[in-house]
Amino acid sequence: MSENINYWTLFKNGIFGENPVFRLALSLCPAVAVTSGVKNGFLMGVAVLFVMTMTNVTVSLLRNFISPKVRIPSYVFITATWVTVIDQVMAAYQRAVYKEMGLYIMLIVAFAIILSRAEMFASKNKLLPSFIDGVGMGMGFLLALVLLGVFREFLGKGSLWGFHILPGKPLLIMIMPTGGFFAMGLMMGWLNWIDRKFFGGTGGGGGGHH
Amino acid sequence: MKDMLKITLSLVAIFVVAGLIMGLTYRYTYPVRFQAEKKEKDEALKEMAPDATDPIKVAGNWSADNKPYEYYEATAGGKPVAYIASTAGKGYSSFIKMLVSFSPDLRIRDVKILGHEETPGLGDQVEDKSFLDQFKGKSLDQIKLVKVETKENIQAVSGATYSSRGVTKGVKDAAQLLIDKYGAGIKSAMREVTK
C-alpha cells in the first residue's frame with residue numbers, strides 16, 4: 001500500500017468491501033454459533049472488535065521484531081494474550097457482561113479473521129493504518145453478527161434482544177444451527193444482489209484478499 | 001545456526017513478555033474477582049431464603065455423580081426457615097448448576113439456576129420463570145418430568161427436553177439428600193404433634 005492511505009476508505013473496506021463474514025467468508029463458525037439471538041451476536045461482536053484492534057496494533061508494532069519463520073505462533077500468542085487479559089479484567093470488573101459472554105471470549109483466540117488480518121495487513125503496515133483496519137474489520141464483523149442475529153431471532157423466536165414482538169415462534173428452525181446456515185446463505189446472496197444491482201459491484205468473491 | 005538462535009530468541013522474548021502481561025493481569029484482577037464471586041454466592045443464598053435473619057451457614061457437603069456440593073441451613077432467631085442445597089444436573093451440553101431451597105416441611109420453595117452452557121435460544125428456556133415456578137410447593141414424589149400439561153408434576157419445556165430433564169434430576173437429587181438428612185427429625189417432630 002502507498003504511504004497516502006485514505007483512512008476512511010480503509011475503515012469502510014472492513015465493513016463493506018471486505019466484510020469478514022459476508023465477503024471474506026471467514027470465522028463463519030462463530031458467526032453461525034452465536035447469532036441465535038441479537039444480544040449474543042452483539043456481545044460477541046464487541047469482544048472481537050476489541051481483540052482485533054489490540055492484536056492488529058501489537059502485531060504492527062512488533063512487525064520488524066517478529067521473525068518471519070515463526071510469525072504464525074507469534075500472532076496466535078499475541079491474540080491469546082489479549083483474549084486472556086480481557087477475560088480476566090471482565091471477570092473481575094464487569095460481572096454482568098461476563099456472565100453473558102464468558103462462554104465465547106476464549107474462542108476468539110482461534111478466530112480465522114483475526115489471524116488473517118494480522119498476517120495480511122498488520123504485519124505489513126504502520127501503526128495507524130493497522131489500528132483503523134482492526135476497527136473497520138471488527139465493526140464489519142459486529143454488524144454482520146447483529147444482522148444475522150436480528151434475522152434469526154425475529155424469525156426463530158419472534159423476538160428481538162429478548163423482547164417478544166410476535167406471538168409464538170414463526171420458524172423455530174432459524175435458531176437451530178441448520179437455520180444459521182440458511183440465514184448466512186440468504187444474507188450473503190441478498191447483499192451480493194444489492195451490490196450488483198445498485199452499486200455496480202461484481203458481487204461475491206469470497207476470500208478476496210489483496 | 002545464527003538464524004536459529006535469532007528465531008528462538010524472538011519467540012522466547014514474545015512468550016516471556018506475554019506471560020508477564022497475563023501474570024500481572026491475573027495478579028491484580030484475581031482478588032477482585034474472588035470477592036465478587038463470593039458476594040454473588042452470598043447474595044444468591046440470601047435470595048433463596050429472604051426470611052432468614054441469621055447468616056446462612058454451611059451445614060455440610062454432599063455429592064452426586066462424583067461432583068461435590070454443599071448444603072446450607074437458613075435460620076431466623078435460631079429456628080430453621082429453609083434448607084438450601086447446591087446441586088446440578090446434566091442437560092444437553094453441560095451441567096446446569098442450581099440452588100434449591102426447601103421449607104422446613106421439605107417442600108420446594110424455590111429453584112435458582114446459577115449457570116449452564118445449554119444451547120442459547122432452546123436449552124436456556126429452562127431459566128424461564130414459567131418452568132421454574134412449577135417446582136414451588138412440590139414434594140419429592142411429585143418431582144417427575146412429563147411432556148403433557150400437568151399440575152401434579154413438572155412439564156418439560158418443548159424444544160428443551162434434555163435441559164428440563166437436567167434441572168429436574170438436579171432438584172430431585174437435592175430433595176432426596178435433604179430428606180435423608182432432615183426427614184427423620186421432621187417425622188419425629190410430626191409424631192410429637194399428633195401425640
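Just so it is clear, none of the values below were taken in a lab; they were calculated from the coordinates. Every value quoted in this text rests on a predicted model; they were computed, and no experiment measured them. Don't worry about glycine lacking a Cβ; one is built from the backbone with ideal geometry, like all the others, and counts go over all protein chains shown.
What lysines could a cross-link reach from A:LYS124, if we take a straight Cα to Cα line under 18 Å and drop same-chain neighbours fewer than 8 places away?
Once the sequence-local lysines are set aside, what remains near A:LYS124 is A:LYS69.
First measure r as the distance between the Cβ atoms of B:ILE21 and B:ASP128, then evaluate 1/(1 + (r/R0)^6) with R0 = 45 Å and state the FRET efficiency to the nearest 0.05. Mind showing how you got there, number by number?
Numbers: r = 41 Å, r/R0 = 0.91.
Computed FRET efficiency for B:ILE21 and B:ASP128 comes out at 0.65.
Taking the mean number of other Cβ atoms within 10 Å as a proxy for protection, how do you rank A:162-168, A:5-11 from highest to lowest? Walk me through the numbers on the way to the answer.
Details: A:162-168: 9.6, A:5-11: 14.1.
Those peptides, ordered most packed to least, come out A:5-11, A:162-168.
Once you've got the Cα coordinates, tell me which of B:LYS90/B:LYS172; B:LYS41/B:LYS67; A:LYS169/B:LYS169; A:LYS99/B:LYS151 are over 21 Å apart.
Working: B:LYS90/B:LYS172 13 Å; B:LYS41/B:LYS67 18 Å; A:LYS169/B:LYS169 28 Å; A:LYS99/B:LYS151 33 Å.
Listed pairs above 21 Å: A:LYS169/B:LYS169; A:LYS99/B:LYS151.
Report, in degrees rounded to the nearest 10, the 0 to 90 angle that the Cα long axis of helix A:127-157 makes with the longest principal axis of chain A.
Tilt relative to chain A: about 10 degrees.
Take B:VAL146, project a point 7 Å from its Cα along the Cβ direction, then tell me which residues of region B:111-136 have their backbone nitrogen under 18 Å from it.
Only B:131-136 pass the distance filter.
Between A:LEU186 and A:THR9, what is 0.36 nm times their sequence separation minus the Cα-Cα distance? Round to one decimal in nm.
Values: separation 177, 0.36 × 177 = 63.72 nm, distance 2.69 nm.
Length gained between A:LEU186 and A:THR9: 61.0 nm.
What FRET efficiency do you get for B:THR161 and B:TYR28 if R0 is 41 Å and r is their Cβ-Cβ distance, rounded to the nearest 0.05? Don't skip to the end; give the middle numbers.
Numbers: r = 44 Å, r/R0 = 1.08.
In this case the efficiency is close to 0.40.
Can you put A:SER123, B:SER86, B:SER103 in order, fewest other beta carbons within 10 Å first? It would help to have the intermediate numbers written out before the result.
On the way: A:SER123 20, B:SER86 23, B:SER103 16.
Lowest count first: B:SER103, A:SER123, B:SER86.
Which order do B:VAL157, B:VAL16 fall in if you start with the one that has the fewest other Cβ atoms within 10 Å? Please report the intermediate quantities before stating the final value.
On the way: B:VAL157 19, B:VAL16 10.
With the sparsest Cβ surroundings first, the list reads B:VAL16, B:VAL157.
Please compute the average number of Cβ atoms from other chains found within 10 Å of each residue's Cβ in peptide A:114-125. Walk me through the intermediate numbers first.
Values: counts 0, 0, 0, 0, 0, 0, 0, 0, 0, 0, 0, 0.
Partner Cβ neighbours, averaged per residue: 0.
Tell me the angle of helix A:71-93 to the major Cα principal axis of chain A, expressed in degrees between 0 and 90 and rounded to the nearest ten.
Its long axis makes an angle of about 60 degrees.
Under 9 Å from the Cβ of A:PHE16, count the other residues' Cβ atoms, weight Lys and Arg +1, Asp and Glu -1, and hand me the total.
Details: positive: A:LYS12, A:ARG23; negative: A:GLU18, A:ASP195.
With Lys, Arg at +1 and Asp, Glu at -1, the neighbours total 0.
How far is helix B:2-48 tilted, in degrees, relative to the longest principal axis of the Cα atoms in chain B, given as a value from 0 to 90 rounded to the nearest 10?
20
I need the chymotrypsin sites (Phe, Trp or Tyr not before Pro) found in region A:41-73, filtered to DSSP loop residues with at most 16 other beta carbons within 10 Å of theirs.
On the way: sites: A:PHE42, A:PHE50, A:PHE65; in loops: A:PHE65.
Those that pass, being in a loop and sparsely packed, are A:PHE65.
Sort chain A into rounded, prolate or oblate with this rule: let a ≥ b ≥ c be the square roots of the eigenvalues of the Cα gyration tensor; rounded if a/c is under 1.5, and if a/c is not under 1.5, prolate when a/b is larger than b/c, oblate otherwise. Intermediate values should be presented prior to the final figure.
Details: a/c = 2.28, a/b = 1.32, b/c = 1.73.
It comes out oblate by the Cα gyration axes.
For peptide A:83-93, how many partner chain Cβ atoms fall within 10 Å of a residue's Cβ, on average? All intermediate terms of the calculation are to be shown ahead of the outcome.
Working: counts 1, 6, 7, 1, 3, 9, 5, 2, 6, 12, 4.
Per residue, the number of nearby Cβ atoms from other chains is 5 on average.
Label point 7 Å out from B:LYS41 along Cα-to-Cβ: which residues of region B:85-128 have amide N under 16 Å?
Of the residues in region B:85-128, B:85-88, B:97-100, B:114-115 have backbone N under 16 Å from the label point off B:LYS41.
Using the number of other C-beta atoms within 10 angstrom as an exposure proxy, rank B:LYS172, B:LYS90 with the fewest first.
Working: B:LYS172 20, B:LYS90 16.
Ranked by crowding around the Cβ, least crowded first: B:LYS90, B:LYS172.
What is the local net charge at A:ALA92, summed over the other residues whose Cβ is closer than 15 Å to its Cβ (Lys, Arg +1; Asp, Glu -1)?
Working: positive: A:ARG95, A:LYS99, B:ARG27, B:ARG33, B:LYS38, B:LYS39; negative: A:ASP87, B:GLU37, B:GLU40.
Net charge around A:ALA92: +3.
Counting partner chain Cβ atoms within 10 Å of every residue's Cβ in B:2-11, what's the average?
Values: counts 0, 2, 1, 0, 2, 5, 2, 1, 9, 7.
Average per residue, whole number: 3.
From the Cα gyration tensor of region A:5-109, with a ≥ b ≥ c the square roots of its eigenvalues, which class applies: rounded if a/c is under 1.5, or else prolate if a/b is larger than b/c, or else oblate? Don't skip to the answer; put the middle values down first.
Values: a/c = 1.84, a/b = 1.19, b/c = 1.55.
Oblate, since a/c reaches 1.5 and b/c is not below a/b.
Just the number: Rg to Rh for chain B, Cα atoms, Kirkwood Rh, two decimals. Spell out each step's value before the answer.
Details: Rg = 22.8 Å, Rh = 19.3 Å.
Dividing the radius of gyration by the Kirkwood radius yields 1.18.
Tell me which aspartates and glutamates have Cα within less than 14 Å of B:LYS129's Cα, excluding those fewer than 8 residues away on the same chain?
List returned: B:ASP110.
So, counting K/R as plus one and D/E as minus one, what does the shell of residues with Cβ under 15 Å around A:LEU160 add up to? Working shown, then result.
Numbers: positive: A:LYS39, A:ARG152, A:LYS157, A:LYS169; negative: A:GLU153.
Every neighbour counted, the sum reads +3.
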